[in-house]
Amino acid sequence: MTEPYAAAGGLVRVYPPTTPPGMIPNGAGLVWAHGGGFAGGDLDMPEADGVARALAARGVTVVSVDYALAPTPPEWAESLGVPAKDGVHYPAASDEVIGAFRWALDSELSPGPWALGGASAGANLAAGAALRMLADGGLTPALIVLAYPTLLAVQPEPDAALRAALDADPEADTFGPDAVRGMYENYLGGPVDDAPLPAIPGLATAADLALFPPTLMINGDADELRVSGEHFARTLAAAGRDIVAVTEPGTRHGHLNRPEEPACAASLDRIAARIAALPPDSNPRIAARLKMSGAPEAVDSNADASAHAPNLPTEGSL
């Protein structure tokens, strides 16, 4: 079967690879969470369905998560021209992303390692889920993929160059301090000061990230959320983790939701290449299966994977 289908009681939509076997030699999979400010988005938006189909066409098995959304308050609804709706607060969506990842591991959909990633708010959910799984001492992803992530509720000021780019492009200047804090308060259902670390992963210290999985981060160019991504990437580097952080040139926030832009395909190529470079035994559950079957002993999935990293462009790398 190569057509997408619902699974896990409707929590996920599975996208089998649509390429001949062997295009991704390690048989890897990706559990993916769309964005939408924690309160919007769905499995049919380009950032979900389009991304999943494009990666499946590049040989990756994709599990797209239909996680529960935060409320749409009346004032948001009026400004966006959408109906107000009730919703849930943290940790509901985080629980579902973790559940989807564990379901994917147990499903045997893919014989290779499993990555976890997302875009914007979905990237927050992916990073937070990884922190929670590490704290639980349980299974962790072989790779974290963060596309233009939001990781801080209170962001540092952008540098002069980014500020100038945002001032020159008012349509890109949509994530100022008040908007971002309000988004997080709506997601949390309360003040950001009381939030647990996995809800705001950018607050993690180097010690918190000492075992964080290898990470690919793709930031938007004219995107104020880039400051939170760059902050997190610096902390990962300080922790000695495997982090490749790239700013996709010429992009505003959300370019994976605009497949007509060339940068969308460029980012998808980066993601597919990094997933293809994962060692086949780099996922903890897969490693256990290999060991039980008498295969060579598996490596630590959180070990430095730099030897396996593809030759990715490094514009904006940290």
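Here Asp169, Asp193 are screened, and the one residue that is of a type outside the set (Val, Ile, Thr), closer than 21 Å to Pro249 by Cα and exposed (fewer than 14 other Cβ atoms within 10 Å of the Cβ) is Asp169. Considering Ala272, Ala237, Ala266, the condition of being modelled with pLDDT of 95 or more and within 14 Å of the chain's Cα centre (by Cα) is satisfied by Ala272 alone. If you check Arg102, Arg163, Arg181 for being within 19 Å of Ala33 (Cβ to Cβ) and either at pLDDT below 95 or surrounded by fewer than 22 Cβ atoms within 10 Å (Cβ to Cβ) (or both), only one passes: Arg102.
Being farther than 26 Å from Glu96 by Cβ and assigned to a helix (DSSP H, G or I) is not true of Ala245. Comparison of Thr61, Thr2, Thr18 shows that the only residue that is of a type in the set (Val, Ile, Thr) and under 16 Å from the mean Cα position of the chain (by Cα) is Thr61. Restricting attention to segment 65-77, does a residue exist that is assigned to a helix (DSSP H, G or I), out of contact with any helix residue (DSSP H, G or I) (no Cβ under 6 Å at 6 or more places or on another chain), among the hydrophobic types (A, V, I, L, M, F, W, C) and under 28 Å from Ile200 (Cα atoms)? Yes, that holds for at least one residue. Condition check: modelled with pLDDT of 95 or more, closer than 21 Å to Leu278 by Cβ, of a type in the set (D, E, K, R) and surrounded by fewer than 22 Cβ atoms within 10 Å (Cβ to Cβ). Does Asp242 satisfy that? Yes: the conditions hold for Asp242.
The values are calculated or read from the model by the stated rules, or taken from the named source; none is laboratory data. For clarity, every value in this text was computed on a predicted model and none was experimentally measured. Ideal geometry is used to build each Cβ from the backbone, glycine not excepted, and the neighbour counts take in all protein chains shown.
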